[in-house]
Amino acid sequence: MNMPKIPLGEWIDSLVNWITITFTGLFSFLNSTIEGLLNILVDVLSAGPPVVIMMILALLVTYTSKWPLGIFTIICLLLIDNLGYWESSIQTLAIVILSGILTVVVGLPIGVWCAQRKSVRNIITPILDFMQTMPAFVYLIPAILFFGIGVVPGIIASFIFAIAPTIRMTILGIQEVPKDLIEASDAFGSNSSQKLFKVQLPLATPTIMAGVNQSIMLALSMVVTASLVGAPGLGADVYRAVSQINVGQGFEAGLSIVFIAIILDRITQNLRKPAYERIVSRKIVFSILAILVVFTALISEVKNEEVEEGNPSGVGAQTEYEIIGIEPGAGIMTQARNAMKDYGLDNWQLVEGSSAAMVAELKKAYDQKELIIITGWSPHWMFSSFDLKYLDDPNETFGGSEEIHTIVRKGLDQDAPGANTILDQFFWETIDMEEVMVQIEEGTDPAQAAEEWIAAHQDKVAQWTNGAQEGNGNPIKLVYVAWDTEIASTHVIGKVLEQNGYNVTLSQVEVGPMFASVANGSADAMVAAWLPSTHLEYYNTYKDDIVDFGPNLQGTKNGLVVPEYVDIDSIEDLK
């Protein structure tokens, strides 16, 4: 059809930009509030030795679900601690608990309102359908723009994804209250509030609690997704393991998530009718628990206030001692961690996330002229869009200039000699790559941007294809990471191979899988290996099973980057 495309994406972008600007104050308040509540929960769960929290959780599980599960709980928690994931588990537990509290505080009143008003229910139901079917990753995009990178957008996305069961089950529970009981309460002259709190909600509690249980499980399922925008915890450990193809670490972190899920599931399932309620009243147990939580929170707050923050106008205080990073498996993240050790930045935290989340956080800070420190590399279109500078690296922890190499699988010269020749001869300049990156950033489809660049640079493309045989429809699979540089280069070389007769497939993966797939032959080539520093660990792991054609681009650079208006010039200034 020749019908013009409806600019739905542009409308959504405009709406999100308007919301971001208009409600900046509200988002800042919510960000501070949620982060403050999370810090309180983390402080409470981290108070004292780990064995204390283990015993409290084990006793709570025993009280709600009988002693065998209590023993199982203590064994699971001891194993988590032994594997080295206790701190991550505390972070994850705090995130899930806070997300669960938010779903109850917001979802329960909405569910009651929907149950009492059919018109409201008719409006809310399709919204819930939309929320439950929309991919969870999509919620992270506006959450980053509204709240920045870190744990808060992860909690907000988890809350949106998980709230639907609480609302739906609240509606169902209230609607299933027998009509004769409602009529009896009316006959005794009960008003709406009395009928709700003394008849409907008590009878609907089992159904509502089932909804709360499912909401908590959904929130827990979001911890890995939330790690894409910098949320800490077990999700970040899983994401890091996937990026680095660390099967053992992935299994350990995943098993820890399973243990946390079982513990939370058993507690929430039996909160209404604990196994040992006849021995100890439910009110007594929950009162003691509430007192312990409040008392611990107060003690933690007093201790936090006694800690000296240093210069409140210093670089660390203004950035909350955070360096905004990208994917955990990226080599530049390892370099940044090494730099933090070399320069004694012990109080600083390297926030893991993604390159897209990092750029979104940069744009937000740049527009408001706020201080921000990011992991940066060039070539990158952000240096054309923002006035940025590298911080001096006297210790040369980030190394000197790097190269991007073309790497292919063994046997490609026999299976696809033409493609092998083109990939071997592929070489371009930084200015060429930046042309494509800028076009893509401005909204051009990567494939179209590649075609336009190829059409404008036929002489250079002819050097790559010189002497190459036609592909005759033979398949070629290229892999790349979702960095702007690699998106540009892979789409360009992919289009060149297509024009030379090959059936090209492009697959976006993480860094570890990119190297592994070429080494094991499931992919044919990549033009995205940053050497000799960024991807050195992966290169050394797989160098005996790959063919390195050398650089396709020279003069790249890694380091810590700040806006030009920031009055610091060296990594040493962060001390």
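The values are calculated or read from the model by the stated rules, or taken from the named source; none is laboratory data. Small disclaimer: the values here were computed from a predicted structure and weren't measured. FYI the Cβ positions are ideal-geometry reconstructions off the backbone, even for glycines, and counts take in every protein chain you see. What goes into the accessible areas is simple: the full protein's heavy atoms, side chains included, and nothing from ligands, DNA or RNA. Shrake-Rupley method; radii C 1.70, N 1.55, O 1.52, S 1.80 Å.
Some observations on this one:
- S215 vs. criteria modelled with pLDDT under 90 and either assigned to a helix (DSSP H, G or I) or open to solvent by 40 Å² or more (accessible area, probe 1.4 Å) (or both): no
- Which listed residue is assigned by the TED database to the domain that holds I56 and either polar (S, T, N, Q) or at pLDDT below 90 (or both), from V293, V258: V293
- Every pair of residues 6+ apart whose Cβ atoms lie under 6 Å, when the first sits in segment 438-449 and is open to solvent by 80 Å² or more (accessible area, probe 1.4 Å) while the second is at pLDDT below 90: E441/W381
- Which listed residue is more than 20 Å from G150 (Cα to Cα), among the hydroxyl-bearing types (S, T, Y) and open to solvent by 50 Å² or more (accessible area, probe 1.4 Å), from S14, S32: S14
- Of residues in segment 43-78 being open to solvent by 30 Å² or more (accessible area, probe 1.4 Å) and of a type in the set (S, T, N, Q), the one farthest from S256 (Cα to Cα): T62
- Residue satisfying all of: in segment 556-575; over 28 Å from the mean Cα position of the chain (by Cα) and open to solvent by less than 50 Å² (accessible area, probe 1.4 Å); farthest from N246 (Cα to Cα) among these: I568
- Annotation note: Cβ proximity below 8 Å between a residue of segment 190-217 that is among the charged types (D, E, K, R) and a residue that is open to solvent by less than 20 Å² (accessible area, probe 1.4 Å) (sequence gap 6+ or interchain) occurs for K195/S185; K198/S185.
- Of residues in segment 100-146 being open to solvent by 30 Å² or more (accessible area, probe 1.4 Å) and hydroxyl-bearing (S, T, Y), the one farthest from the chain's Cα centre (by Cα): S119
- In this entry, V258 is excluded by the filter for residues that are buried (at least 21 other Cβ atoms within 10 Å of the Cβ), under 28 Å from the mean Cα position of the chain (by Cα) and within 25 Å of S99 (Cα to Cα).
- Residue ranges of helices (runs of 4 or more DSSP H) in segment 12-126 with at least 2 members modelled with pLDDT of 90 or more, under 29 Å from A297 (Cβ atoms) and basic (K, R): none
- Of the helices (runs of 4 or more DSSP H) that lie entirely inside segment 379-473, those containing 1 or more residues that are more than 32 Å from the chain's Cα centre (by Cα) span 412-415, 417-425, 446-456, 458-465.
- Residues in segment 537-561 that are β-branched (V, I, T) and more than 30 Å from L574 (Cβ to Cβ): T541, I546, V547.
- Test result for I21, under 15 Å from I144 (Cα atoms), among the hydrophobic types (A, V, I, L, M, F, W, C), open to solvent by 60 Å² or more (accessible area, probe 1.4 Å) and assigned by the TED database to the domain that holds P153: yes
- So S215, is it within 23 Å of D265 (Cβ to Cβ) and hydroxyl-bearing (S, T, Y): yes
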